[in-house]
Structure formats: structure tokens, C-alpha cells
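Below you'll find the structure, written out as C-alpha cells, and then a few comments.
Quick note: the coordinates plus some simple rules give every number you see, no bench work behind them. Since we're looking at a predicted model, the values are computed, not measured. Glycine also receives a Cβ, built like all others from the backbone with ideal geometry; neighbour counts cover every protein chain displayed.
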Amino acid sequence: MSESTATLEARAPMEARLTQLSMQQALNRALDEVLSTDPKTLVFGEDCGQLGGVFRITDGLQTKHGDTRVFDTPLAESGILGMSVGLAMAGFHPIPEVQFDGFAYPAINQIVCQIARMNYRSRGTLPMPITLRVPSFGGIRAPEHHGESLEALFAHVPGLKVVSPSDPHDAYHLLKYAASRPDPVIFMEPKSRYWQKGDVDTADGGSLTGARVVRPGRHLTLVAWGAMVARCLQVAELAAEDGIDVEVLDLRWLKPIDAATLATSVGKTRRAVVVHEAPLTSGLGAEVAQLITQSCFDTLKAPVERVTGFDVPYPSGDLEDEYIPNIDRILLGIQRVLEYRRG
């Protein structure tokens, strides 16, 4: 058998497992499979039942699994999350949806004072296996309250885990993984990437914990999560045209942060730029920068740079283009780090 024939035959099983899906389709499939395998799973939220969700993430699930397992709720986020607490205490595995990230604020009391603390408060007798789906970040030019970046708020709360996928493959596997956890997980879905298509290997998710290097490089590490990962990959390709080899690290888990992979990447490149949509002040990029400094202080060639949203309310409509870090702003951040000289 020739080498080329053997290679093709070895590759065939892998290609057979790959499916082209949008992130919306990947999330829908993940929910369908979780509902099929776990009779205690319930999916609910505003318009999640008959309509299938405003982004159609739950499309067809009520028809397949019934209106007692996939159902609509009143327009009351505090009620949605309060009900989730009671269901978890009764042994169910709730997967509630907050329709838009800006709608999460009315439910903060339930998230912080009940969901995050119940397991601690009950000394482990009342776990909270709740996966809260939150369509997150901007990029769709929606009205006010329909685009936010709340990861720092959630990550600050003890008892919560926070994760944000950046592509369909991770969206499929991380949602299934989150739904299997005994702890509450805030699942932040980058809504501007819902229609991005990509290969999904439904049989092998790879490592589902920690960060992931999505593009290796030598000169600098771009650290991002959610929708900003795709933008950083675009930036890396443009930087390569000028001979700058950029590594892109998808943080994925925002609580807990994979400090070891972060240190390994920046320890190699010795420079870092953190990119996120949230405002600069007290954004999660500050925590990431501190972790990098703590591990790589002796070898860093420049201070950690942050390219972020501005310290203003998240704007609506066309103003998003001025607020969200764009390619030019990220390239300027890279330039500042590369041109930094001590003394």
C-alpha cells in the first residue's frame, strides 16, 4: 500500500466524524443530546419553547421532547433563575436561558445569593447543577441592554464557573460538558458568532478544561475569549504579512482561568496583549494581566497591554463599531508592546 493511500485511509474515519455546523446549530444539537440522555434536564426561558428562542438555539426541541421539558417562561428573569434554584434542589438539571446578557441584571440576586452559594450554605447537600445560557457580547447592532460583556461580574462571584466558546466545535462540546457538571456554570455564548460555520467533531471534543492555543506563534501572545478570538486570528494573519508571528490563546474558561497554559504561552513569546469587549477598568483583562505578571515577571519584554471596550455604557446600534476592539486597535496594541524599550 502506498504512503498516500495509507494516509487517506487513516484520515477517512476522522473526516467521517466532522460535520459543518454553525454555532447556533452546534448549540441546538448539544441541547438535544443532553435532553435525550438525561431525563432530569429541563430547558426553559423567554420564547425558548414554541418559538425556539430569539436566536433559534432551542428550535424544534419542544416538539421533540415535549412542553414539560422545554418551555416558555414569563418575562421575569428573577423568576426564571429563582425557579432554577428550586428545580435544582428537587433533583433536576435546569438549563435556563436569559434571552440577552443585559437582561441578567434583574436576576443578580438569585445568581449571587442563591445559585452561587447554595452548595456552600448547605454543606454540599444541595448542589446547583444549573447551566445558565447567556447570549453575550455585542456585534449585532442591537438596542440598549441587548449587548453587554458581564464576564468580570460573574467571574468575581465565588461558587460560579464561567465559560465562553469561540467556535462551533467548542460550543457543542463545552455546553454538553457544562451541563454534566454538579456546579453552576455561566455559559456565555458570543451572539455575533451564532452564524459562523465550522467543523465539529462530535465524537472527540479534545480537552474541555482550560485554555487552548488556536494559533501558535513566537513573538507575542494575543489572549482573548468569545467573539474576540476570531478577530485576533484575523489580526495574527495580518501581522504575519509584516513578519510578526503572533500566538492566539483562547482562554475559554474565565473562571477558573487556566493560569498554567497562560504562563506557558507568554513564557515562550515574552509579550502579551489581552483583548476583550468589556470596559477597561476592572475588566477581566486586569486579572489576566496580573496572572501573566506573577508567572512571567522576570522574562517579560514589555508590560502586558490591554485592548478593550471603553469605560462607557455598552452602546447600541452603529456606535458598536467604535466601541468594540477592531483590527486597527489590536494592531496598535501589538505595535506598542513590540516597540517598548526599558529605561
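Observations, loosely collected:
- Helix 3-17 and the longest principal axis of the Cα set of the chain meet at an angle near 40°.
- Theoretical gain in end-to-end length, S316 to L280 [0.36 nm per residue, Cα-Cα removed]: 11.1 nm
- Computed lengthening from I140 to Y340, 0.36 nm per intervening residue step minus Cα-Cα distance: 68.5 nm
- Karplus-derived 3J(HN,Hα), 6.51/-1.76/1.60, for each residue of the range 193-206, Hz, glycine and proline x: 9, 4, 9, 5, 9, x, 6, 10, 8, 5, 8, 9, x, x
- Each Cα pair under 8 Å and six or more residues apart adds its sequence gap; the mean of these over the residue count of the chain is a relative contact order of 15 percent.
- Gyration tensor verdict on the range 236-301 (Cα atoms; rounded if a/c is under 1.5, prolate if a/b is larger than b/c, oblate otherwise): oblate
- Its Cα centre serving as origin, the chain has a Cβ charge dipole (Lys and Arg +1, Asp and Glu -1) of approximately 1060 debye.
- Candidates M118, L150, P106 compared by Cα position along the dipole of the chain: farthest toward the positive end lies M118, with charges placed on Cβ.
- Each 5 Å bin from 0 upward holds the following percent of the Cα-Cα pairs of the range 124-205: 3, 14, 22, 21, 19, 12, 6, 2, 1.
- Global form of the range 26-183, assessed from the alpha-carbon gyration tensor, a/c cut-off 1.5: rounded
- Spin-label model distance (nm) - Y120 vs T63, 7 Å beyond Cα toward Cβ: 4.4 nm
- Ellipticity at 222 nm from helices only: DSSP H runs of n ≥ 4 in the chain, each -39500 (n - 2.57), divided by the residue count, give -10500 deg cm²/dmol.
- Full-stretch length increase - D242, D201 - with 0.36 nm per residue and alpha-carbon distance subtracted: 11.4 nm
- Kirkwood hydrodynamic radius of the chain, from inverse mean 1/r over distinct Cα pairs, in Å: 20.9 Å
- Principal-axis tilt of helix 77-89 within the chain, Cα atoms, nearest 10 degrees: 70 degrees
- Within a straight-line Cα-Cα reach of under 26 Å, K197 can be paired with the following lysines, leaving aside sequence neighbours fewer than 8 residues apart in one chain: K64, K176.
- The chain: angle of helix 284-296 to the longest principal axis, Cα-based, in degrees nearest 10: 50 degrees
- The range 215-343: translational diffusion in µm²/s, Stokes-Einstein, Kirkwood Rh over Cα pairs, 10 °C, 1.306 mPa s: 108 µm²/s
- Estimated translational D of the range 178-247 in µm²/s (Stokes, Kirkwood radius over Cα pairs; 20 °C; 1.002 mPa s): 148 µm²/s
- The calculated FRET efficiency for the pair T19 and V213, based on their C-beta separation and a Förster distance of 35 Å, comes to about 0.90.
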